[in-house]
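Worksheet: the structure to be examined is printed underneath.
The values are calculated or read from the model by the stated rules, or taken from the named source; none is laboratory data. Quick caveat: nothing in here was measured; it's all calculated off a predicted structure. Backbone-built Cβ (ideal geometry, glycine too); neighbour counts: all protein chains shown. Side chains are part of the model used for accessible areas, which takes the heavy atoms of the whole protein and leaves out ligands, DNA and RNA. Shrake-Rupley method; radii C 1.70, N 1.55, O 1.52, S 1.80 Å.
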Amino acid sequence: MSFGFFLQEALRSLARTRAPALAAALTVLLTTLVLGVFIPVVQATTGTANEVRGRIVVDVYLEDAITAADREAVRRAIARTPNVKSVTYISKDEALRIAERRNPDAFREGVKLLGRNPLPASFRVVPRDPGRVGELVDRLAPRDARGVRKPDLPGVQEVRNREDDTERILTATSVVKAATGLLAALLAFAAVALVANTIRLSIFARRREVEVMRLVGATNWSIRWPFVIEGVIVGLVGALAAVALLFVTKQAVLDPLADRFALIAAPQTMPFPALAALLLLAAAAVSAAGSALTLRRFLRV
């Protein structure tokens, strides 16, 4: 028997059982709609959390008397330290310009009062893994017996990573990432269970038809293929309707708002064509798998 024969059988079966097929397609539509909204939200939330974690840095302040050769030796030593992504040198003049941009009045008056630039030159170190920034600080400035950090490199005055701010950022972003990951897993499980159960009810209503096919000598796969194709068609119809609704909503609501509100335009999420392809493939795969797995019970009769 050819694929065309199984396709005709599936279409004929769909025409005979419009109500269960419509219920399954509506279930796929609603589930795909929820996933189509939730996937970009999870991506945007995770991307924002990673962006915030990327702001974690370690500042290595240098002594004013350090020579250019010693400064280069310190830079090379920091670059060789594990978990270091990049090292950027900030001179005394550049440090003063940055400070004046943040608080112009205080630093301008302070420099006039002191008669010199009080800010030290430094290296700004970006960790490869922000979650292990504590280990990086411990290597650059281990604690002594009294718990006080002592820089391990000559010419280094102090190593600082704003521990309180770093701890708050790591805690908050870890909670956000764990919560979105858990919600995504629960939603994916609920979607698969809902679609599979709806298809299961549809096939259960036709169990006599399966039994008759078994009695006339049909093989398991000749029985299974029309149901699998039927599941793929139902899944694609529901998913196509959901993708169309998502596209209309994107064009009519989100895109005009993105031109006005940077908060909506800023998150980097999956392009819509890729999201649509993912939803269609997932809906077809889940529907086909739901049909095939449900039939196993009736094929044992």
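Given the condition assigned to a helix (DSSP H, G or I) and under 29 Å from Thr269 (Cα atoms), answer yes or no: does some residue in region 54-77 qualify?
no
Can you tell me which residue within region 251-277, out of those that are open to solvent by 80 Å² or more (accessible area, probe 1.4 Å) and in a helix (DSSP H, G or I), is modelled with the lowest pLDDT?
Leu263
For the condition at pLDDT below 80 and among the basic types (Lys, Arg), what is the one hit in Arg97, Arg76, Arg101, Arg108?
Exactly one residue qualifies, and that residue is Arg108.
Looking at region 169-187, which of its residues are within 18 Å of Ala282 (Cβ to Cβ) and over 14 Å from the mean Cα position of the chain (by Cα)?
Leu186, Leu187
Is it fair to say Ala19 is open to solvent by 30 Å² or more (accessible area, probe 1.4 Å) and in a helix (DSSP H, G or I)?
yes
Quick check on my filter: what residues within region 139-195 are modelled with pLDDT under 70, open to solvent by 50 Å² or more (accessible area, probe 1.4 Å) and within 30 Å of Ala288 (Cα to Cα)?
Val192, Leu194
How many residues are surrounded by 11 or more Cβ atoms within 10 Å (Cβ to Cβ), closer than 26 Å to Val156 by Cβ and free of Cβ contacts under 8 Å to residues at least 40 places away in the same chain if we restrict to region 104-122?
So the count comes out to 6.
Name the one entry in Pro130, Pro82 that is touching a Leu at 6+ places or on another chain (Cβ under 9 Å), loosely packed, with under 13 Cβ neighbours inside 10 Å and touching a residue at least 12 places away in the same chain (Cβ under 8 Å).
Testing whether each residue is touching a Leu at 6+ places or on another chain (Cβ under 9 Å), loosely packed, with under 13 Cβ neighbours inside 10 Å and touching a residue at least 12 places away in the same chain (Cβ under 8 Å) leaves just Pro82.
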